[in-house]
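Below you'll find the structure, written out as structure tokens, and then a few comments.
The values are calculated or read from the model by the stated rules, or taken from the named source; none is laboratory data. Because the structure is predicted, anything quoted here is derived from the model rather than measured. Note that we place each Cβ from the backbone using ideal geometry, even for glycine, and neighbour counts take in every protein chain shown.
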Amino acid sequence: MSCKSQDQATENKDKTVLHAQEQKKPEDVFVACHPDSSDMSPKGSKFVSLTPGAPVLNILIIDKEQKQTRMDLPRPAHDVLMISEDKAILTFGVSGEIAIADIKEGQVSAPIKVGGITQGMCRLSTGQVAIADSGANQVHLFDTKTKKVVHSYPIEGSPSQMRWVTEGIELEAADAKGKTLGKVNLSQVVTDEPS
């Protein structure tokens, strides 16, 4: 093979590889409702975060002067979500429990059993919280006022995180690796009873 035809073959191969790379679609990265293990209060006056593996809630109060404090938890939490300017809800993973932290009072409620393995959450403007439960393959709708699950929605797979499709109405759930598992319409109540 001549040097010229060898160069031409290399150039054609390079063009084929480049064309294949251009045709690859970028992967859809799953971005949850809020950052993992942290959240900002609805009005932006507080930022909370969890220390991995430690029973601690870190609190940053954002005012003219920032103040940092912490709150001891009964055990390490999996996720935290601010539900008001002074209250946060925590999930505890494998215990299937949640708790509500009153930041102003410096107290954490007794754990409340809501499912199998409670993980990621999304806040609704109604005072309710959607909670991913990878142990029961469900998304629970939890009312923070009554402190009860008002409805559970089945999911194909083990949901650990969620994001809004239509805020307050429809969620998309994903597993821990970000693989989308399905959508949940929170305005629909599914029953097991025949109509």
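Surrounded by 11 or more Cβ atoms within 10 Å (Cβ to Cβ), out of contact with any Ser or Thr (no Cβ under 8 Å at 6 or more places or on another chain), at pLDDT below 95 and not charged (D, E, K, R): does that describe residue 165?
Spelling it out, residue 165 is indeed surrounded by 11 or more Cβ atoms within 10 Å (Cβ to Cβ), out of contact with any Ser or Thr (no Cβ under 8 Å at 6 or more places or on another chain), at pLDDT below 95 and not charged (D, E, K, R).
So how many residues does the stretch 81-93 have that are assigned to a strand (DSSP E or B) and farther than 25 Å from residue 176 by Cβ?
1
Looking only at the stretch 130-140, which residues are more than 17 Å from residue 166 (Cβ to Cβ) and not polar (S, T, N, Q)?
Matches in the stretch 130-140: 131, 132, 133, 135, 136, 140.
Quick check on this structure: which one of 182, 127, 120, 106 is touching a residue at least 12 places away in the same chain (Cβ under 8 Å) and more than 22 Å from residue 48 (Cβ to Cβ)?
182
Quick check on residue 83: is it among the β-branched types (Val, Ile, Thr), in contact with a Gly (Cβ under 8 Å, 6 or more places away or on another chain) and either touching a residue at least 40 places away in the same chain (Cβ under 8 Å) or surrounded by fewer than 18 Cβ atoms within 10 Å (Cβ to Cβ) (or both)?
Yes, satisfied.
Residue under question is residue 93, and the condition is that it be in contact (Cβ under 8 Å) with a residue 12 or more places away in the chain and either within 23 Å of residue 44 (Cα to Cα) or of a type in the set (Ser, Thr, Tyr) (or both); does it hold?
So residue 93 does not fit the description; no.
Which count do you get for residues in the stretch 94-132 that are part of a strand (DSSP E or B), surrounded by 19 or more Cβ atoms within 10 Å (Cβ to Cβ) and either out of contact with any strand residue (DSSP E or B) (no Cβ under 6 Å at 6 or more places or on another chain) or of a type in the set (S, T, N, Q) (or both)?
3
Condition test on residue 38, is it surrounded by 15 or more Cβ atoms within 10 Å (Cβ to Cβ), under 17 Å from the mean Cα position of the chain (by Cα), under 19 Å from residue 119 (Cα atoms) and at pLDDT below 95?
On the way: surrounded by 15 or more Cβ atoms within 10 Å (Cβ to Cβ): yes; under 17 Å from the mean Cα position of the chain (by Cα): yes; under 19 Å from residue 119 (Cα atoms): yes; at pLDDT below 95: yes.
Spelling it out, residue 38 is indeed surrounded by 15 or more Cβ atoms within 10 Å (Cβ to Cβ), under 17 Å from the mean Cα position of the chain (by Cα), under 19 Å from residue 119 (Cα atoms) and at pLDDT below 95.
If you check 106, 168, 127, 116, which single one turns out to be farther than 21 Å from residue 29 by Cα and touching a Lys or Arg at 6+ places or on another chain (Cβ under 6 Å)?
Values: 106 fails: touching a Lys or Arg at 6+ places or on another chain (Cβ under 6 Å); 168 fails: touching a Lys or Arg at 6+ places or on another chain (Cβ under 6 Å); 116 fails: touching a Lys or Arg at 6+ places or on another chain (Cβ under 6 Å).
Answer to the check: 127.
What number of residues in the stretch 89-109 are of a type in the set (Gly, Ala, Ser), within 18 Å of residue 61 (Cα to Cα) and modelled with pLDDT of 95 or more?
Total satisfying the criteria: 1.
I'm checking my understanding of the structure. Among residues of the stretch 156-171 that are among the β-branched types (Val, Ile, Thr) and over 15 Å from the mean Cα position of the chain (by Cα), which one is farthest from residue 32 (Cα to Cα)?
Our first condition is that a residue be among the β-branched types (Val, Ile, Thr); within the stretch 156-171, this holds for 165-166, 169.
If we keep only those that are over 15 Å from the mean Cα position of the chain (by Cα) as well, we get 166, 169.
Working: 166: 13, 169: 15 Å.
Looking at residues that are among the β-branched types (Val, Ile, Thr) and over 15 Å from the mean Cα position of the chain (by Cα), I get 169.
Does residue 170 count as exposed (fewer than 14 other Cβ atoms within 10 Å of the Cβ) and not small (Gly, Ala, Ser)?
No, not satisfied.
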